[in-house]
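Everything below concerns the one structure shown next.
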Amino acid sequence: MPHPRQLKLGFVLHGNGVGWGDWRHKDAQPSASTDFRYYKRQAQLAEKAKFDFLFVADSVFITPQSSPHYLNRFEPISILSALAGVTEHIGLVGTLTVSYSEPYNVARQFASLDHISGGRAGWNVVTSWLEGSAANYSKPEHPAHNVRYQIAAEYLDVVQGLWDSWEDDALTHDKESGQFFDPAKLHRLDHHGQFFSVRGPLNIARSAQGQPVIFQAGASEDGINFAARRADAIFVGQNNIEEAKTYYRNVKARAAGFGRDPGPLILPGLRPVVGRTAEEAEAKYQEFVQLTSIGDALRMLGRPFNDHDFTVYDLDAPFPDVEHLGLNSNQSYVLKITRAARERKLTLRQTALEFASPRSEFSGTPEHVADAMQRWLEEGAADGFNIFESLPRQLDLFVETVIPILQARGIFRTEYEGETFREVLGLPFPENRYTAARGASLAAE
Ligand SMILES: Cc1cc2nc3c(=O)[nH]c(=O)nc-3n(C[C@H](O)[C@H](O)[C@H](O)COP(=O)(O)O)c2cc1C
């Protein structure tokens, strides 16, 4: 008997790992981030387990201090297009930044992925937080945090407008009459806004799911408002159930304020550490902790602070007063770290290690991990999760041991519910705006 609430699960394709030391694990494949066979295997395994989607993260600036996966990895649309050819049902979600791209290009790229995959594309709309990105795009400076979200809102208007260029039945392909398309059903956008001027139409039609699914991961005030108003699903970095519930209620209430009910799906990122027994789980957790040296943890900590060098401070002194360095970067994460350090009087060493390898309730036996996932779902802390691998082969173990428990409890599917990503997620088909307007004016006559 299916449970009234069903988990939505994403799997994060993250090559050779999240941290700086993951690639050195005895079972890790250091070249994984640019190995198509590796991605294919993980994608097919996640699909076999009926995951909702695969997620590919991205950024557009590296330094020699960046993590190994960031230093050498695939561009998201390229790898997802290749994976579209070796999967059939699973959603394909890629990150693309609005601060360093053009809406016309991005609309085409995601529309193409949506066609190639038979209606399975999703776009994680990010504003980019690494200030150095500007130097790769001929820009004098990184836009301010609030401006980035203003750009994002207009950008999404343009992209979604372009995606509606063609009404669903516009391509008539009438060989008899020679009419390839119905000109009344092809529309120019003619957008002239604060940041963009785009004429349209887009040179690709709508896909089987109408438009790609919109994901968002902003967690600052501006980020939450943008996501509550515009996103179909939200990623968030939470590992405390009480904080997660507060965030969940906040986002859903804001979405309701924008006239959206039930609002976006809320999907915390998770790095479960699973072991077949409690002892094995603890041993795996220790392996996970040991992947990160204090030097790695300091580099990891520096990243949201705009790649700040934390090695210059005394490790055992109180966490330094550096909050201001990250406010135009990953603002929400910076505030979270500095608040935790201040409130709990943590040293720099404690802060770095805690944020590098958090011990969450998602570490333990398969039953323990399934219990935690169910609790978060039932208590209104999450609609599902976006799962990162904590150690090599954790996906295999999760699929083999945790997924069957979730299925037996009726909180996770045993078969895909539909053909398109929207059908699988339970999202409505977005009617073309011009078709809708014509319908509305006919009804008014
Ligand atoms: C699970 C998850 C995945 C994310 N993936 C990306 C990503 O691929 N690229 C990126 O630039 N930011 C990514 N972010 C960061 C967000 O885009 C955003 O910058 C961050 O949450 C800070 O939000 P704020 O700027 O509203 O404070 C991710 C965040 C989470 C929680």
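The values are calculated or read from the model by the stated rules, or taken from the named source; none is laboratory data. The structure presented is a predicted model; accordingly, all values stated were derived computationally and were not measured. Please note: Cβ atoms are built from the backbone with ideal geometry, for glycine as well, and neighbour counts cover all protein chains shown. Only protein heavy atoms, including side chains, enter the accessible area calculation; ligands, DNA and RNA are left aside. Shrake-Rupley method; radii C 1.70, N 1.55, O 1.52, S 1.80 Å.
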Away from the ligand (no atom under 16 Å from the Cβ), closer than 21 Å to W23 by Cα and either within 19 Å of the chain's Cα centre (by Cα) or of a type outside the set (F, W, Y) (or both) - does that describe any residue in region 57-66?
yes
Which residue pairs have Cβ atoms closer than 6 Å, lie 6 or more positions apart in sequence or on different chains, and pair a first residue in region 322-338 that is surrounded by 17 or more Cβ atoms within 10 Å (Cβ to Cβ) with a second residue that is among the acidic types (D, E)?
T338/E323
A careful count of residues in region 390-418 that are of a type in the set (F, W, Y) and in contact with a helix residue (DSSP H, G or I) (Cβ under 6 Å, 6 or more places away or on another chain) gives 2
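Table: residues versus (1) within 16 Å of the ligand (Cβ to nearest atom); (2) at pLDDT below 95; (3) not β-branched (V, I, T).
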{"position": "N203", "(1), (2), (3)": "no, no, yes"}
{"position": "G210", "(1), (2), (3)": "no, no, yes"}
{"position": "G218", "(1), (2), (3)": "yes, yes, yes"}
{"position": "V274", "(1), (2), (3)": "no, no, no"}
{"position": "Y285", "(1), (2), (3)": "no, yes, yes"}
{"position": "I294", "(1), (2), (3)": "no, yes, no"}
Pairs only if they're at least six apart or on different chains, beta carbon under 8 angstrom, first in region 69-93 and closer than 16 Å to V213 by Cβ, second buried (at least 22 other Cβ atoms within 10 Å of the Cβ) and of a type in the set (D, E); list them, first residue then second.
I90/D52; G91/D52
Listed residues T435, T414; which is open to solvent by 40 Å² or more (accessible area, probe 1.4 Å), part of a loop (DSSP other than H, G, I, E, B), more than 16 Å from the ligand (Cβ to nearest atom) and among the β-branched types (V, I, T)?
T414
Among the residues in region 30-39, are any hydroxyl-bearing (S, T, Y), surrounded by fewer than 18 Cβ atoms within 10 Å (Cβ to Cβ) and part of a helix (DSSP H, G or I)?
yes
By residue number, the members of region 383-393 that are under 18 Å from V273 (Cβ atoms) and either among the small types (G, A, S) or open to solvent by 10 Å² or more (accessible area, probe 1.4 Å) (or both) are F388, E389, S390, P392, R393
Looking only at region 343-382, count how many residues are part of a strand (DSSP E or B) and either open to solvent by 50 Å² or more (accessible area, probe 1.4 Å) or within 16 Å of the ligand (Cβ to nearest atom) (or both).
0
Applying the selection to region 297-342, what residues are more than 16 Å from the ligand (Cβ to nearest atom) and assigned to a helix (DSSP H, G or I)?
A297, L298, R299, F310, T311, V312, A341, R342
Condition first: within 16 Å of the ligand (Cβ to nearest atom), of a type outside the set (V, I, T) and either open to solvent by 40 Å² or more (accessible area, probe 1.4 Å) or outside any loop (DSSP other than H, G, I, E, B) (or both). Now tell me which residues in region 114-134 satisfy that.
A121, G122, W123, N124, W129, E131, G132, S133, A134
If we ask which residues in region 80-113 are within 16 Å of the ligand (Cβ to nearest atom), part of a loop (DSSP other than H, G, I, E, B) and among the hydrophobic types (A, V, I, L, M, F, W, C), their number turns out to be 1
The correct count of residues that are open to solvent by 10 Å² or more (accessible area, probe 1.4 Å) and over 18 Å from F74 (Cα atoms) in region 1-21 is 7
Go through the residues of region 68-76 one by one and say whether even a single one is in a loop (DSSP other than H, G, I, E, B) and basic (K, R).
yes
